[in-house]
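Here the structure is laid out as structure tokens; the discussion comes afterwards.
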Amino acid sequence: MSAPTNPRLELLKLTTGYWISQAINAAAKLGVADHIEAGVRDPKILAHKTQTQPHALYRLLRALASIGIFKEDAAGHFDHTPMSELLVDRLGSMRAPSLLNGDEHYASWGDLVYSVQTGQPAFDRIYGKPIFPWLAEHPEQAKIFDAAMTGIHGPETQAMVDAYDFTGIQRLVDIGGGNGTLLCAILQKQPALQGILYDLPGVIERSKVRIAEQGLADRCECVAGSFFESVAPGGDAYLMRHIIHDWNDEQCHTILSHCRRAMQPGNKLLIIECVIEPGNAPGWSKFLDLNMLVLPGGMERTEAEFRTLLTKAGFELKRIVPTRTEVSVLESVAR
């Protein structure tokens, strides 16, 4: 990364980065993008629709327009840009990630020093318990979290399916597969493949509906359980997307050991995660790693760290298949 021409100004921009994230969060909460999508362009009418003070809303939109989110015309009316269209409330949009990053995530990052000092999640200290049990008790925030994961990771699904060849696999177990989006995409591309979706009981009940809607109920078995207790047997390949990065090494060893017990020697384990590159090159995964520190207490990992983790649990890392997104497919086999 080249040195900035004005280090003081560049550092100032970075230290005030939360100004931008909170401005986006405010626009997302107010539903501004949805009203503009419906044809409301006048900031005074937008203020009425969003129950905001007109001049204050105008100032918010003016600031966002200066960075390419919305655009103002000569009459002072606002319209969409490619980025602001992503804030419209629909499946796979970036509205939910904008809400998520501006609320619980924002509060947890505000206590980053605590996490760096202790190695423990700031979320637990602020909210009184780990993030996943907390979400289970707060269904509205859980809905935003689920939608945010779709918005953030949605493009990875097709990229992963395009990058990795599933030929030869007969029965694929998706561990912690959530609503089944990835497994359904794989089954659609591989008509001879059978699937098992494995997740917590409440998640599985919701997933059955989506799988049936995709016409895949006869090819995809839904099994309820916790990967901290066991993993569904019966697959010749097992898959985990964004599971390992949520947990520390000891917890990951438990998960991977349960996978190994369910597998036969030579069975494949496919882990879809970011792989941190060495050196000073910029990388989204290096800051995602800090997000894992302050929220669930997990981490992003380097190739060497993945190799150590897998070897200890009885796997051999064979290759890393990159995709056109930030994630790669780490292919291992059970020894």
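For every residue, the table says whether it meets (1) in contact with a strand residue (DSSP E or B) (Cβ under 6 Å, 6 or more places away or on another chain); (2) over 23 Å from ILE20 (Cβ atoms); (3) assigned to a helix (DSSP H, G or I).
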position: PRO97; (1), (2), (3): no, no, yes
position: LEU100; (1), (2), (3): no, no, yes
position: TYR106; (1), (2), (3): no, no, yes
position: SER115; (1), (2), (3): no, no, yes
position: GLN120; (1), (2), (3): no, yes, no
position: ARG125; (1), (2), (3): no, yes, yes
position: LYS129; (1), (2), (3): no, yes, no
position: PRO133; (1), (2), (3): no, yes, yes
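Residue pairs whose Cβ atoms lie under 7 Å apart, sitting 6 or more positions apart in sequence or on different chains, and linking a residue in region 78-106 that is free of Cβ contacts under 8 Å to residues at least 24 places away in the same chain and of a type in the set (S, T, N, Q) to a partner that is surrounded by fewer than 21 Cβ atoms within 10 Å (Cβ to Cβ) and in a strand (DSSP E or B), are THR81/LYS71.
Exactly one residue out of ALA74, ALA63 is surrounded by 14 or more Cβ atoms within 10 Å (Cβ to Cβ) and out of contact with any Cys (no Cβ under 9 Å at 6 or more places or on another chain), and it is ALA63. Among the residues of region 301-313, the one identified as aliphatic (A, V, I, L, M) and open to solvent by 40 Å² or more (accessible area, probe 1.4 Å) is ALA304. The helices (runs of 4 or more DSSP H) found entirely in region 222-335 that carry 3 or more residues being under 25 Å from PRO201 (Cα atoms) and not small (Gly, Ala, Ser) are 249-262. Tally up the residues in region 248-280 that are charged (D, E, K, R) and exposed (fewer than 14 other Cβ atoms within 10 Å of the Cβ), please. Count: 3.
For region 130-172, residues that are of a type in the set (S, T, N, Q), open to solvent by 30 Å² or more (accessible area, probe 1.4 Å), under 19 Å from GLY92 (Cα atoms) and without any contact (Cβ under 8 Å) to a residue 40 or more places away in the chain total 2. Residue check: ASN280 meets all listed conditions (1) more than 24 Å from ALA163 (Cα to Cα); (2) at pLDDT 95 or above but one, namely (2). Counting residues in region 167-176 that are under 18 Å from HIS242 (Cα atoms) and of a type in the set (Gly, Ala, Ser) gives one or more. If we keep just the residues of region 75-95 that are in contact with a Ser or Thr (Cβ under 9 Å, 6 or more places away or on another chain) and not in a loop (DSSP other than H, G, I, E, B), which is farthest from ALA28 (Cα to Cα)? Here the residue is PHE78. Of all residue pairs spaced 6 or more apart or on separate chains, those with beta-carbon atoms under 6 Å, a first member in region 316-329 that is farther than 21 Å from ILE152 by Cβ and a second member that is open to solvent by 80 Å² or more (accessible area, probe 1.4 Å) and not aliphatic (A, V, I, L, M) are GLU316/ARG335; LEU317/ARG307. Here GLY298, GLY234, GLY283 are screened, and the one residue that is at positive phi and either surrounded by 20 or more Cβ atoms within 10 Å (Cβ to Cβ) or not aliphatic (A, V, I, L, M) (or both) is GLY234.
The values are calculated or read from the model by the stated rules, or taken from the named source; none is laboratory data. Just so it is clear, the model here is predicted, and its values are computed rather than measured. Every residue, glycine as well, gets a Cβ built from its backbone with ideal geometry; the counts of neighbours run over all protein chains shown. Side chains are part of the model used for accessible areas, which takes the heavy atoms of the whole protein and leaves out ligands, DNA and RNA. Shrake-Rupley method; radii C 1.70, N 1.55, O 1.52, S 1.80 Å.
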